[in-house]
1. Report, to the nearest whole %, how much of the accessible area of segment 60-125 belongs to carbon and sulfur atoms, 1.4 Å probe, protein only.
2. At 7 Å along the Cα-to-beta-carbon direction for both Glu136 and Arg113, put a label point, then send me their distance in nm to one decimal.
3. Using a 1.4 Å probe, how large is the accessible area of Met148, given in Å² and rounded to the nearest 10?
4. Give the average over all directions of the projected area of the C-alpha convex hull of segment 63-102, one decimal, in nm².
5. Taking just the alpha-carbon atoms of segment 58-156, what radius of gyration and Dmax come out, in angstrom?
Amino acid sequence: MRVRPARPGDAETLRTAVSRGGETTVFDDTGAPILDVSAAGVREAAAAADCCFLVEEEGRPVGLALAHPDHEGAEAELLSLWVHPEFLGEGIAARLLERVAHSLREMGIERLRTTAAADAASAREFFAAKGFSHRETSDDRDGHEVVMVAPLDEFR
């Protein structure tokens, strides 16, 4: 498998991969849609993200990570971490997250922030294993969410 920067030209193949995965949108870790899977939606998201990586297996996309630094520049938000259902459990999410962290460190970003639904124990455990710690719990339109942050200089 190969991890590489995603480009706007990847939109159509990524859209196809997400659709074949039985999904109609790429979701963030709280279940909220991050981008629609139309070629235009994927192209727009890839163009807007400062940090966007794709994992390919035999030329087809099987994972995507999008992150964007905050305006202040010290922290970035992980907007999406998606892995095709056929490839879950193969370490793709971890590889993508490591690549995002490395890229953000090179930009001078100090911390990476993500959110997980309060009842999504597996997502919180995954992020905790990567060095994320609980910052706060807040309410969103779908219930409680946990905000987690990892210092990038200690990223695992």
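1. 48 percent
2. In this crude label model, Glu136 to Arg113 measures out at 0.8 nm.
3. 10 Å²
4. If I average the Cα hull's projected area over directions, I get 2.7 nm².
5. Rg, Dmax (Cα atoms, Å): 13.6, 41.
The values are calculated or read from the model by the stated rules, or taken from the named source; none is laboratory data. What you see is a predicted model; the values in this text were computed from it and never measured. So basically every Cβ, Gly included, is an ideal-geometry build from the backbone, and we count neighbours across all protein chains shown. Keep in mind that these areas ignore ligands, DNA and RNA; they rest on the heavy atoms of the full protein, side chains included. Shrake-Rupley method; radii C 1.70, N 1.55, O 1.52, S 1.80 Å.
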